[in-house]
Amino acid sequence: RIFVDVSAFPRRILAAVLDAIRAAVADGVLVNLTLAYRLAVFSRPSDRPAPANRRVAPVHRNMAGWPRAPGLPVHLIVGLGYERGKALGAVEYIQPVHLSLFFPESPEVRFAKQVQTRNHELLEVVREESVFHYPVMDPAAQFALLSSLLQAMVTNSKPVLLPFGPKIFYAVCLLISFRFSEVSVWHVSGEEDEPASQVRPSSHVTFASLSLRADSKAA
């Protein structure tokens, strides 16, 4: 039994932790995993420019994806967050053929306005049917929505997940890559360069419990 508070880890370390769990499952260990997430109280993000995108690449070598056939077009799924300009910069770097956006719906209602403002360039160019709203505090719903979309995508495209925004969505994307070996999860460097901030925890907490075994991956 393993309990992981995804609120507490930098993203690349969280990827390494979950990959170590994946490796244990591959060795035949039955893992009962619980992910915990506490939403922070809304705080207005800094208006300073975000650190430059020094590196845009798979977050971990075991989460780089393996398409069913060479030459498939890239379908980029971007989770939106506070990061001003970083998502747009990453999209321009990857230059996908298809683009979908995941917009977080949070109990902290002011968060949505900031996400809208800081990603308006992307939201203006993506068709409405390619923007998916997901509940931040319902990781099971996130997993189900992503699984449904990816089930169709993997047959004719190479899906790439770029999960900015809440860390619980990022953790769900990492878990999705366990189920779909074709899917790649990418990370944009720069988080490590941002100054530490003192955020206050809110009263909103969620948990996701799942069993991982070699024959069924995620249940």
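The values are calculated or read from the model by the stated rules, or taken from the named source; none is laboratory data. The shown structure was predicted, so the numbers you read here are calculated from the model rather than taken from an experiment. These area figures cover heavy atoms from the full protein model, side chains too; ligands, DNA and RNA do not enter into them. Shrake-Rupley method; radii C 1.70, N 1.55, O 1.52, S 1.80 Å.
The order of His98, His75 by accessible area, most exposed first and with a 1.4 Å probe, is His98, His75.
What length, rounded to one decimal in nm, is gained on full extension from Glu121 through to Asp5, with 0.36 nm per residue of separation minus their alpha-carbon distance?
38.5 nm
For region 105-149, the calculated P(r) over all alpha carbon pairs, in 10 Å bins from 0 to the bin holding the longest distance, is 23, 46, 31 percent.
Can you list which of the DSSP-assigned H helices in the chain have a Cα extent of 20 Å or more along the long axis and an average Kyte-Doolittle score of at least 1.0? In the chain, the long hydrophobic H runs are 11-26, 139-153. Out of every Cα pair in region 61-181, what percent are spaced more than 19 Å from each other? Of all Cα-Cα distances in region 61-181, 44 percent exceed 19 Å.
Return the carbon/sulfur percentage of the accessible area of the chain, one whole number, probe 1.4 Å, all protein chains in place. Please report the intermediate quantities before stating the final value.
Details: 5960 of 11010 Å².
Carbon and sulfur atoms account for 54 percent of the accessible area of the chain.
Heavy-atom accessible surface of the chain, averaged per residue, reaches 50 Å², computed with a 1.4 Å probe. Note on the chain: Kirkwood radius taken over Cα pairs, Stokes-Einstein applied at 25 °C and 0.890 mPa s, translational D equal to 138 µm² s⁻¹.
Indicate, rounded to the nearest 5 percent, the antiparallel portion of the DSSP beta bridges found entirely in the chain. Percent antiparallel among DSSP bridges in the chain is about 40. The tail of the calculated P(r) for region 66-118 beyond 15 Å holds 55 percent of all Cα-Cα pairs.
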